[in-house]
Amino acid sequence: MIEVTELTKRYGRVTAVDGLTFTVRPGRVTGFLGPNGSGKSTTLRAILGLETPDAGAALVDGRPYRTLHHPLHHVGALLDAGAVHPGRSARAHLTALAVAGRIDRRRVGEVLEQVGLGQVAHKRAGEFSLGMRQRLGIAGALLGDPPVVLFDEPVNGLDPEGILWIRHLMKSLAAEGRTVLVSSHLMSETALTADHLVVIGRGRLIADTGVEAFLREHGTSQVHVRSPARSALAGMLRARGATVEYEGSKTLVVTGLTVDEIGDLAARNGLPVHELMARQASLEDVFMDLTRDSVEYQGTHDGN
């Protein structure tokens with residue numbers, strides 16, 4: 001388990017993390033989300049003892065990372081896939097980590113096969129593609145068979161097969177009872193992988209909840225209604241307090257009423273309805289809306 005309690009980290013006048021508190025529990029994949037500059041990387045580094053908090057604490061199984069004996073047996077992390085000597089082979093890189101972490105060298109071959117690099121184990125890391133370096137970094141994180149794993153943007157550079165593989169890997173690690181924390185900017189992938197979300201902005205906690213609960217609480221459900229009598233139906237829906245927008249020549253997009261309520265209203269008034277379909281806002285839509293005021297750098301949308 002990972003426990004972050006009132007964590008605060010400042011760099012001069014800039015507060016990167018501001019009183020942040022959350023818990024990452026075992027047995028589920030927790031997505032760690034936030035815009036650029038939100039403090040995600042600083043928080044991950046504090047958990048791994050690479051940053052010293054100005055206040056608060058970041059603990060792994062109740063202890064600071066720096067006090068763990070043989071830490072690679074407790075925590076595995078991928079923060080930077082490029083953190084490998086380009087002249088070393090994949091096997092040599094992992095062997096060095098195993099020796100330093102007092103890990104049985106037999107694990108090197110096991111994790112190379114696990115991440116799909118068994119056939120290129122003797123190839124220099126400098127010749128690897130970004131996707132292959134990601135796999136090597138993941139192998140390093142798994143080397144000590146740790147109960148806690150942290151991944152920062154693990155799907156960068158992976159092809160579709162690789163993305164599917166890492167998704168299944170993270171889910172399987174959680175199913176084994178491990179604590180899995182994944183930081184990512186890919187909302188669509190997070191929606192498919194994570195069970196729980198920790199969302200931060202400007203170093204502060206925005207949400208700490210399950211994915212479905214997050215979408216229910218912060219997302220807006222819309223109902224698409226296709227009807228040849230849409231003008232009459234739109235007036236009735238607005239009279240019931242719904243927000244109604246026109247789409248195409250026959251469709252209404254309705255917010256504020258359920259599918260059942262819309263269908264019943266149309267039936268009572270004898271209005272034909274050819275299609276009723278509810279659409280839940282996507283994780284990306286909800287995230288963008290919720291963190292809009294926490295974005296450090298915002299571009300403009302030109303209508304031309």
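The values are calculated or read from the model by the stated rules, or taken from the named source; none is laboratory data. Given the structure is predicted, the values throughout are model-derived calculations rather than measurements. Positions of Cβ are backbone-derived with ideal geometry, glycine not excepted, and every protein chain shown enters the neighbour counts.
Inside segment 1-74, counting only strands (runs of 3 or more DSSP E) that do not spill past its ends, which hold 2 or more residues that are surrounded by 14 or more Cβ atoms within 10 Å (Cβ to Cβ), acidic (Asp, Glu) and at pLDDT below 95?
Ranges flagged: none.
Output the residue which, of all residues in segment 111-121 that are surrounded by 15 or more Cβ atoms within 10 Å (Cβ to Cβ) and not β-branched (Val, Ile, Thr), is farthest from the chain's Cα centre (by Cα).
Across segment 111-121, the extreme among qualifying residues is Ala121.
Could you tell me whether segment 57-67 includes any residue that is assigned by TED's automatic domain parsing to the domain that holds Arg102 and on the phi > 0 side of the Ramachandran plot?
yes
If you scan segment 104-115, which residues turn out to be part of a loop (DSSP other than H, G, I, E, B) and out of contact with any helix residue (DSSP H, G or I) (no Cβ under 6 Å at 6 or more places or on another chain)?
Hit for segment 104-115 is Asp104, nothing else.
Considering only segment 205-241, state which residues are modelled with pLDDT under 90 and either under 21 Å from Ser183 (Cα atoms) or not β-branched (Val, Ile, Thr) (or both).
Passing the criteria: Val211, Glu212, Ala213, Phe214, Leu215, Arg216, Glu217, His218, Gly219, Ser221, Gln222.
So which residues in segment 157-172 are in a loop (DSSP other than H, G, I, E, B) and aliphatic (A, V, I, L, M), if there are any at all?
If the condition is that a residue be in a loop (DSSP other than H, G, I, E, B) and aliphatic (A, V, I, L, M), then Leu158 is the only one that fits.
In segment 190-221, how many are in a loop (DSSP other than H, G, I, E, B), farther than 20 Å from Pro26 by Cα and not polar (S, T, N, Q)?
3
Does Val99 fit the bill of being surrounded by 20 or more Cβ atoms within 10 Å (Cβ to Cβ), among the aliphatic types (A, V, I, L, M) and either at positive phi or not in a loop (DSSP other than H, G, I, E, B) (or both)?
no
Would you say Arg91 is assigned to a loop (DSSP other than H, G, I, E, B), basic (Lys, Arg) and over 18 Å from Leu169 (Cβ atoms)?
no
Scanning segment 250-267 for residues that are touching a helix residue (DSSP H, G or I) at 6+ places or on another chain (Cβ under 9 Å) and more than 13 Å from Ser221 (Cβ to Cβ), which turns out surrounded by the most Cβ atoms within 10 Å (Cβ to Cβ)?
Leu252
Here are the criteria: (1) modelled with pLDDT under 95; (2) more than 10 Å from the chain's Cα centre (by Cα). Tell me which single one Leu143 does not satisfy.
All conditions pass for Leu143, except number (1).
Quick check: anything in segment 232-252 in contact (Cβ under 8 Å) with a residue 40 or more places away in the chain and not acidic (Asp, Glu)?
Yes, segment 232-252 has at least one match.
Looking at Arg135, Arg124 in this structure, which one is touching a residue at least 24 places away in the same chain (Cβ under 8 Å), among the charged types (D, E, K, R), in the same structural domain as Gly62 (by TED's automatic domain parsing) and crowded, with 18+ Cβ neighbours inside 10 Å?
Arg135
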